[in-house]
Each structure stands twice: as structure tokens, then as C-alpha cells.
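K.L.:
Before I ask anything, here is the structure I am working with.
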Amino acid sequence: LENYAVEIDGEPVRLTKKEIEILWTLAANTNKVFSRDVLLDKLWGFDFYGDSRTVDLHVQRMRKKLGLEEKIVPVYKIGYRLEVDG
């Protein structure tokens with residue numbers, strides 16, 4: 001996180017700052033569900049005036065860039081979870 005850089009198999013993946021922060025939050029808390037509101041408050045701050053759909057957009061783009069559509073899963077009407085076996 002300190003370099004705001006992500007690599008897959010040694011190849012850099014271009015993610016936005018918010019995408020990296022979402023990834024870091026989910027990866028540091030695998031299998032835990034984060035609501036959209038919690039992610040907004042934690043990563044955008046209490047004074048953010050957008051809505052929770054901004055989280056959906058960032059997560060959708062990040063999942064596609066990283067090929068993690070099967071691992072970062074939406075939890076119906078709540079938020080997102082990074083699923084890790086074991």
C-alpha cells in the first residue's frame with residue numbers, strides 16, 4: 001500500500017488510488033463483508049456527498065482489471081467480500 005502499486009506475475013496493473021485502497025481493505029480482512037456505507041466512510045470520508053453506487057463502480061472496475069470477478073463477490077444488498085478458501 002505504501003507504493004500504491006499492484007503487480008500480477010511481476011506485471012504492473014494500473015489501478016486508481018481508491019481501487020487500491022478497496023483492494024487493501026478487502027485483502028486485509030478476507031471473507032469479511034464490508035457494506036458500501038462502511039467502505040464509503042472508511043475510504044472516502046464522512047464528508048463525501050456521493051452515493052454508494054460509487055463503491056460499486058470502483059469495485060467493478062478493479063475486479064475486471066485484476067481478473068477477480070469470482071473472488072471479490074457482491075453480497076446482495078449489503079456490499080462486498082474477498083473470498084479466500086481455507
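K.L.:
Quick check on the range 24-34: of everything there that is open to solvent by 30 Å² or more (accessible area, probe 1.4 Å) and not in a loop (DSSP other than H, G, I, E, B), which residue is nearest to Tyr76 (Cα to Cα)?
P.N.:
So the first thing to find is which residues in the range 24-34 are open to solvent by 30 Å² or more (accessible area, probe 1.4 Å), and the list is 24, 27-33.
If we keep only those that are not in a loop (DSSP other than H, G, I, E, B) too, we end up with 24, 27.
Details: Trp24: 21, Ala27: 20 Å.
Filtering first and then ranking leaves Ala27.
Residues are listed down the side, and each one gets a yes or a no for (1) of a type in the set (Gly, Ala, Ser); (2) closer than 21 Å to Asp9 by Cβ; (3) within 11 Å of the chain's Cα centre (by Cα):
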site	(1), (2), (3)
Ile22	no, no, yes
Thr25	no, no, yes
Thr30	no, yes, no
Leu39	no, no, yes
Lys42	no, no, no
Gly45	yes, no, no
Arg53	no, no, no
Arg81	no, no, yes
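K.L.:
A further question on this structure: Do we find that Gly45 is loosely packed, with under 15 Cβ neighbours inside 10 Å and touching a helix residue (DSSP H, G or I) at 6+ places or on another chain (Cβ under 8 Å) in this structure? Talk me through it step by step, then tell me what you get.
P.N.:
On the way: loosely packed, with under 15 Cβ neighbours inside 10 Å: yes; touching a helix residue (DSSP H, G or I) at 6+ places or on another chain (Cβ under 8 Å): no.
Criteria not met by Gly45.
K.L.:
Let me ask something else about it. Please identify the pairs in which a residue from the range 61-86 that is in contact (Cβ under 8 Å) with a residue 24 or more places away in the chain and in a loop (DSSP other than H, G, I, E, B) has its Cβ atom under 7 Å from the Cβ atom of a residue that is surrounded by 13 or more Cβ atoms within 10 Å (Cβ to Cβ) and among the β-branched types (Val, Ile, Thr), counting only partners at least 6 apart or on another chain.
P.N.:
As it stands, the answer is Ile78/Val33; Glu83/Val73; Val84/Thr30, since those pairs meet every condition given.
K.L.:
When the residues of the range 4-19 are filtered to those that are surrounded by 12 or more Cβ atoms within 10 Å (Cβ to Cβ) and in contact (Cβ under 8 Å) with a residue 24 or more places away in the chain, which remaining residue is nearest to the chain's Cα centre (by Cα)? Step through it out loud before you land on a result.
P.N.:
Taking the range 4-19 as the starting set, the residues that turn out to be surrounded by 12 or more Cβ atoms within 10 Å (Cβ to Cβ) are 4, 6, 13, 15-16, 18-19.
Those left that are additionally in contact (Cβ under 8 Å) with a residue 24 or more places away in the chain: 6, 13, 15-16, 18-19.
Numbers: Val6: 13, Val13: 14, Leu15: 11, Thr16: 11, Lys18: 8, Glu19: 6 Å.
Taking the candidates together, the pick is Glu19.
The values are calculated or read from the model by the stated rules, or taken from the named source; none is laboratory data. Given the structure is predicted, the values throughout are model-derived calculations rather than measurements. All Cβ positions, even for glycine, are placed from backbone atoms using ideal geometry, and neighbour counts span all protein chains on display. These accessible areas exclude ligands, DNA and RNA; they are computed on the full protein's heavy atoms, side chains included. Shrake-Rupley method; radii C 1.70, N 1.55, O 1.52, S 1.80 Å.
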